[in-house]
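K.L.:
My questions will all concern the structure given below.
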Amino acid sequence: NAKVTDDNKNNDAGITMDAVSGDIILRAPQGKIRIHAQDIELIADGYNGKTGYVRVEGNEKVILNSKSVDIRAKETAKFFCENKLDIVGNAIMNIYGGLVDMADGATSILGSKTGPSSTEEKAKNLKV
């Protein structure tokens, strides 16, 4: 069902699409899909711990470009890279943690200079 209005008030929807069941698929095999607005919200309202995901995937790059980027997680945040991971703060880079535990590639073979840690044990078994 689609509903188009031309007399909407502030924050009212000008176009409403409602898929009562099933997916909504937008395709442009020979072009781009552009969403241009004052603000854009992507919301996944899941349930049961198995739904509620927002997935962004690109076979070449995913580019985030903004004055500020905030990434917040209530439980866990992870970055995985199969090759090289660069974290660059051209002016200042702050790293904070209640407890900071680190291990590098040599740690997984030689062990930590300061003794074994949980991060060291995880690094020995880490698979992406």
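The values are calculated or read from the model by the stated rules, or taken from the named source; none is laboratory data. Note that the structure is a prediction, hence the values are computed from the model and not measured. Positions of Cβ are generated from backbone atoms using ideal geometry, with glycine treated the same way; all protein chains shown enter the neighbour counts. All accessible areas refer to the heavy atoms of the entire protein, side chains included, with ligands and DNA or RNA removed. Shrake-Rupley method; radii C 1.70, N 1.55, O 1.52, S 1.80 Å.
K.L.:
Identify the residue in region 15-45 that is touching a residue at least 12 places away in the same chain (Cβ under 8 Å) and open to solvent by 100 Å² or more (accessible area, probe 1.4 Å) and, among all such residues, is nearest to Val4 (Cα to Cα).
P.N.:
Once the filter is applied, the top-ranked residue is Ile15.
K.L.:
In region 1-14, what count of residues is obtained for those that are aliphatic (A, V, I, L, M) and surrounded by 10 or more Cβ atoms within 10 Å (Cβ to Cβ)? Quick ask: steps written out before the conclusion?
P.N.:
Step one: filter region 1-14 for residues aliphatic (A, V, I, L, M), giving 2, 4, 13.
Next, from what is left, pick out any that are surrounded by 10 or more Cβ atoms within 10 Å (Cβ to Cβ): 4, 13.
Residues that pass the stated criteria total 2.
Residue-by-condition table, conditions (1) under 30 Å from Gly52 (Cβ atoms); (2) of a type in the set (Asp, Glu); (3) at pLDDT 90 or above:
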site	(1), (2), (3)
Leu64	yes, no, yes
Asp70	yes, yes, yes
Ala91	no, no, yes
Gly98	yes, no, no
Ala103	no, no, no
Thr107	no, no, no
Ser117	no, no, no
Asn125	yes, no, no
Val128	yes, no, no
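K.L.:
Between Asn48, Asn59, which is on the phi < 0 side of the Ramachandran plot, loosely packed, with under 10 Cβ neighbours inside 10 Å and assigned to a loop (DSSP other than H, G, I, E, B)?
P.N.:
Values: Asn48 fails: on the phi < 0 side of the Ramachandran plot.
None of the other options fit; the residue is Asn59.
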